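The structure appears below as structure tokens.
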Amino acid sequence: MTDRFDVVVVGGGPGGYAAALYGTGVGLKVALVEADRPGGTCLLRGCIPAKAILQTAEVWRHVNSAGDYGVSLENPALDWAASNKRQAKIVERQVKGLSGLLKQKGVTVIDGFGTLVEAGHVEVQTDSGTQSVYGDAVVICSGSVPRSIPGFDFDGRMVISSDTALFLQELPQSCAIIGAGAIGVEFASCFADTGVEVLLLEALDGVLPGADKDVSAHLAKELKRRGVDVRVGARVKSHRPASTEGLETLIFEHGGEEYEADVETILVSVGRGPKTDSMNLAEAGVALDERGFITVDQNMRTSLDGVWAVGDCVPTAALAHVAYAEAMVAIRDILGEDPMPIDYDKVPWGIYCHPEVGFAGFTEKQARDRGYNVRSAKHSYGGNGRALIIDDNRGFVKLVSDADTGVLLGIHVIGPWATEQMVEGYIAINWEATAAELAHFIHPHPTLSEVIGETAMALTGRGLHG
């Protein structure tokens, strides 16, 4: 069986289904090749299930402080199996919705594993055999897989990846988490809230290494306050069965000394790598870098004419919303529309630990390293009325600006609903607004967003409450 399309998309994650939907939306005939259900890492094994269990942790945290609100609860219990069922329902509902939308929009979904034979030709291994699919353009959106480290191969029991950790039938009593990036701190936060003893190890000098140093330091302090044993500048060496049955001994170095920790589970969260093997990409003429990522230009074109790539398989920010944006750039380029390239320095980031973290643009250090005359300001949630009402007033907003022009260069929020709040800062930075322009806007009272306005006013030298 052979078919011909305007665009053949290989991979049904955020980048893949966004390319398919955007393509059909402008009248292209699109095929989407996917070996699993549509949704990719984000929907099936990442963003959505992770945030679902983090919401369980938040509810449990509130339940345990209900008395502070005048609500009496006797003997509350945490049912992790029920949490898993809720998580599965959310995922299944979104999978069903996405599948229905692809059908409604006229996308031809082909179930099977796709490999690139040559430009314009994808071979799909299906349950019924091999199917050749042809397209004037091919978009590779093959996604990613969890990375491991030497000596810590995943066994699904003692040493696990985030893919496994999301679907544990029971919570461990103790867990060592290797890697304090976004995935690591989210699991550390969730586990700490649900009563797991957590050891969090990071090889670099701070948690969330990509975040502003002030945010990183505050998050580490908050995790420690909630009982997480945070060790930065730590190097894991090996592991072995512990003397106590059911435990594993983790050996690591920290501060020039060697330590051992007996834990039920070791979660390796050192990031994700591109899923580009077994797809015949290099053989077909698609260039890969030394880490296996597909190299692309600003229009998401690969080294092979007629082939584009987006999402986790390219060396850009591994974020679902970035994949969406890359997919639209690729389709616009296929249409010959000369799309505006993505400014990766200014994309929004959201980390859903407690307290939440959201940021966009340059950190203070990044701005200085790029030669800006930097002015920054911070304002705490400590006295914010709305934050006090919801009993979540630990954190701050930090704005970074160019002192010579007043143009905003970065926003960094750690605190309640940071991932939602930082959006106005993200927009301001991408529109190259000044601190004075942001400060001019009226923020409703009492709201958490007032802290952003306060910080902008502080940058102008005319702060109201600080």
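Annotations for the structure displayed:
- Under 18 Å between alpha carbons - lysine pairs in region 31-157 that sit 8 or more apart or on different chains: 4
- Amide H contacts for Val139 (H built 1.01 Å from N in the peptide plane; partners 5 or more residues away or on another chain; cut-off under 5 Å): Val8, Val9, Val10, Trp308.
- Each 10 Å bin from zero up to the one holding the largest Cα-Cα distance in region 332-466 carries the following percent of pairs: 13, 43, 30, 10, 3, 0.
- The alpha carbons of region 121-240 stretch over 57, 33, 28 Å along the principal axes, in descending order.
- The 3J(HN,Hα) values that the Karplus relation (6.51, -1.76, 1.60; θ = phi - 60°) gives for region 93-98 are, in residue order, 5, 6, 4, 4, x, 5 Hz. Gly and Pro appear as x.
- Rounded to the nearest Hz, the phi-derived 3J(HN,Hα) couplings of region 399-404 under the Karplus curve 6.51 cos²θ - 1.76 cosθ + 1.60 (θ = phi - 60°) are 10, 10, 9, 7, 5, 6, where x marks glycine and proline.
- Accessible area of region 280-327 divided out per residue, in Å², using a probe of 1.4 angstrom: 42
- Annotation: amide H-H contacts under 5 Å for Val159 (H modelled 1.01 Å from N, sequence separation of 5 or more, or interchain): Ile266.
- Cα shape, region 235-389, gyration tensor, a/c 1.5 rule: oblate
- The amide H of Glu356, built 1.01 Å from its N in the peptide plane, has Gly415, Trp417, Ala418 as neighbours under 5 Å, considering only residues 5 or more places off or on other chains.
- Estimated [θ] at 222 nm from DSSP helical runs (n ≥ 4, -39500 (n - 2.57)) normalised by residues in the chain, nearest 500: -9000 deg cm²/dmol
- Mean Cβ count within 10 Å, highest first, over the residues of peptides 281-294, 307-320: 307-320, 281-294
- Relative contact order of the chain, taken over Cα pairs closer than 8 Å and 6 or more residues apart, is 13 percent.
- Restricting region 409-466 to GluC sites (Glu not before Pro) that sit in a DSSP loop and have at most 15 other Cβ atoms within 10 Å of their own Cβ leaves Glu432.
- Among Ser269, Val133, Asn384 the positive-end extreme of the charge dipole of the chain (Cβ point charges): Asn384
- Centre separation in Å (Cα based) which lies between region 391-446 and region 294-350: 27
- Cβ distances below 4.7 Å define possible disulfide partners, and in the chain the cysteines left without one are Cys141, Cys175, Cys190, Cys313, Cys353.
- Ordering of 198-206, 241-249, 220-228 by burial proxy (mean other Cβ atoms within 10 Å per residue, highest first): 198-206, 220-228, 241-249
- Karplus-derived 3J(HN,Hα), 6.51/-1.76/1.60, for each residue of region 124-133, Hz, glycine and proline x: 10, 8, 10, 4, 9, x, 9, 10, 8, 10
- Surface composition of the chain: carbon and sulfur make up 50 percent of the accessible area, probe 1.4 Å.
- Mean separation of Cα contacts under 8 Å, 6 or more apart, over the residue count of region 1-141: relative contact order %: 39
- Rg then Dmax, both in Å and based on the Cα atoms of region 1-94: 20.3, 67.
- The chain - Rg and Dmax from Cα coordinates, angstrom: 23.6, 70
- Paramagnetic label zone (point 7 Å from Cα along Cα-to-C-beta, Thr130; backbone N under 16 Å) in region 1-24: 1-3
- Entry note, region 141-251: relative contact order of 22 percent, from Cα contacts under 8 Å with a spacing of 6+ residues.
- Probe 1.4 Å, protein heavy atoms only - accessible area per residue of region 37-186 in square angstrom: 50
The values are calculated or read from the model by the stated rules, or taken from the named source; none is laboratory data. Predicted model, so just to flag it, every value in this text is computed and none were measured. When we count neighbours, we look across all protein chains shown, and the Cβ atoms used for this are built from the backbone with ideal geometry, even at glycine. Quick note on the areas: whole protein, heavy atoms, side chains included, nothing else; ligands and nucleic acids left out. Shrake-Rupley method; radii C 1.70, N 1.55, O 1.52, S 1.80 Å.
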